[in-house]
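Asker: Starting off with a structure, shown below.
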Amino acid sequence: MKITDLQTFIVGNPWKNWLFVKLSTDEGIVGLGEATGGLSTKPNEGDLHELRRFVIGEDPRHPSCIWDKMYKGRFLNTSIAMCAIETACWDILARSLDVPAWQLFGGKRRDTLRVYANGWYQGPRDPVFFADRAAEMVAQGYTALKFDPFGGAYLHIDAASERLSLDIIRAVRDAVGPDVDVLIEGHDRFSVQTAIRLGRRMAEYSPTWFEAPVNARDIQSTLEVARAIEVPVATGEKFRTLATFGDLLSERVIDIIQPEVLGLGIANIRKAFGIIEAYDGLVACHQAQSPLCTAINAHLHASIPNFLVHENFDDNLEPWTWDVLTGVPRVEDGHIQVPDTPGFGVELNEDEAAKHPYGERNFLRLFDEGWETRRPPEGG
């Protein structure tokens, strides 16, 4: 089997352009990967096309060999585009064997995955709004909700905004009761001392974790915060090397890790799972991309012993999403069923995708006030 073509597709999701790659083969089997960058779309698309020279003519049933060729060909550098191509190869490999991808990852340890909702608070930064929406999500069956209450704060947060943030956390906790997990997203916002103060103040509302309270690439600062607060710290979505996981976990302070498959690729994220397991850590893969990534993570999470919870935006996306992508497992009663269809099980409808082109304003501005509405500012 040989790869004969590499095509890219941008789908203009209103707050994040999704970027897909499709690999075609001489045997008619195709595979999908995702290179959504969130804040960078066209550069990733260009990178995918530039990588064609490493891909065309190769046998996609050897994903790690193709990864190695790209990695060495790029002078030992990695990229989201490389990860997307490797993922598409794994998709082809599983489809060629007529098995779900989890079968290639050692089998399936569980049939369902507990999900936490994200993206559900698309509106004003107001405690009543957050509480009402949280109650609606719980009524749909969710038992865990993640949100960022901090507005556009960066390093520092002023007194009024800090009070509002804590009011939002309290309102959500009151709305959902004591048995629903409340997960606080920090988005790398704060200095160490600000993160410590906030972590201590939010502790009375029993959050399950405080995610990325400081720059996640700064291991020492992350550890300093984790040692100083009672709320567990979660991190890992920005890690791009396996050594970083060991550097963090060897301190035995943090044990909730959120690796990102779009930044690591399939083979490397599975190696990261093993490192995390070696330190008795728990895995909750990051997923803020398209529903294709929902499906990819479902196969990964199903195959590991140290799964914690599965991130999901899918019930808060545009209705047309499900015309563009089919075969994605949907949330029912706060869980998703692990797919049994070959490969990752997702199909891209190219005609429907073309109806939603790239949007130059389809980007989150996480340090602008009002970003949580998921609507770009006028003229921005």
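Asker: Do me a favour and compute the ellipsoid semi-axes for region 81-229 from its Cα gyration tensor, root of five times each eigenvalue, largest one first, whole Å.
Answerer: 34, 21, 14
Asker: While we're on this one: Equivalent ellipsoid semi-axes for region 111-164, as square roots of 5 times the alpha carbon gyration tensor eigenvalues: give them largest first, rounded to whole Å.
Answerer: Each semi-axis is the square root of five times an eigenvalue, giving 26, 14, 8 Å.
Asker: Take the Cα of Gln337, step 7 Å along the line toward its Cβ, and report every residue of region 81-104 whose backbone nitrogen sits under 17 Å from that point.
Answerer: Zone members listed by number: 100-102.
Asker: Among Leu32, Leu93, Leu198, which one moves the most in a GNM of the chain with springs linking Cα atoms closer than 10 Å?
Answerer: Leu198
Asker: From the gyration tensor of the Cα coordinates in region 1-124, what semi-axes in whole Å does the equivalent ellipsoid have, largest first, with each one equal to sqrt(5λ)? Kindly include the intermediate steps, with their values, before the conclusion.
Answerer: Working: eigenvalues 130, 91, 36 Å².
In descending order the semi-axes read 26, 21, 13 Å.
Asker: Plugging the Kirkwood radius over Cα pairs into Stokes-Einstein for region 242-337, at a temperature of 4 °C and a viscosity of 1.567 mPa s, what D comes out in µm²/s?
Answerer: Details: Rh = 14.2 Å.
Translational D for this selection: 91 µm²/s.
Asker: If you bin the C-alpha pair distances of region 103-344 every 10 Å from 0, what whole percents do you get?
Answerer: Values per bin, smallest distances first: 7, 32, 37, 21, 3, 0.
Asker: Continuing with this model, one more query. What residues qualify as long-range amide H neighbours of Tyr116, i.e. H under 5 Å apart, gap of 5 or more or another chain, H built at 1.01 Å from N?
Answerer: Residues meeting the amide H criterion: His310, Glu311, Asn312.
Asker: Let me ask something additional. Pairs of alpha-carbon atoms within less than 8 angstrom and 6+ residues apart define the contacts here; what relative contact order does the chain have, in percent? Each step should come with its number before you reach the end.
Answerer: Numbers: 800 pairs, mean separation 84.1, N = 380.
About 22 percent, as a whole number.
Asker: Rounded to the nearest 500, what is the chain's calculated 222 nm mean residue ellipticity when only DSSP H runs of at least 4 contribute -39500 (n - 2.57) each, over all residues?
Answerer: For the chain, the value works out to -11000 deg cm²/dmol.
Asker: Now for a different question. Per q in 0.15, 0.18, 0.21 1/Å, what log10 I(q)/I(0) does a Debye calculation on the alpha-carbon atoms of region 308-380 return?
Answerer: The Cα Debye sum returns log10 ratios of -0.74, -0.95, -1.08.
Asker: Per q in 0.16, 0.25 1/Å, what log10 I(q)/I(0) does a Debye calculation on the alpha-carbon atoms of region 50-102 return?
Answerer: So the normalised log intensities are -0.43, -0.93.
Asker: Under 12 Å from the Cα of Lys355, which aspartates and glutamates turn up, not counting those fewer than eight places away in the same chain?
Answerer: Asp323
Asker: From the phi angles alone, apply the Karplus equation (6.51, -1.76, 1.60; θ = phi - 60°) to region 203-214 and give each ³J(HN,Hα) in whole Hz, x where the residue is Gly or Pro.
Answerer: Result, rounded to whole Hz: 4, 5, 9, 6, x, 5, 7, 10, 8, 6, x, 10.
Asker: A further question on this structure: Reachable lysines from Lys69, Cα under 29 Å, same-chain residues fewer than 8 places away excluded?
Answerer: Lys69 reaches Lys2, Lys22, Lys42, Lys238, Lys271.
Asker: Hull surface divided by four, with the convex hull built on the Cα atoms of region 82-122: how many nm²? List each step's numbers first, then the result.
Answerer: Numbers: hull surface 19.2 nm².
Projected area, direction-averaged: 4.8 nm².
Asker: Taking H as built 1.01 Å from N, whose amide H comes closer than 5 Å to the amide H of Val338, not counting residues under 5 places away?
Answerer: Thr112, Leu113
Throughout, read-outs are computed from the coordinates displayed, never taken from laboratory work. This structure is a prediction, so every number in the text was calculated from the model and none was measured. No Cβ is skipped: glycine too gets one built from the backbone with ideal geometry, and neighbour counts run over all protein chains shown.
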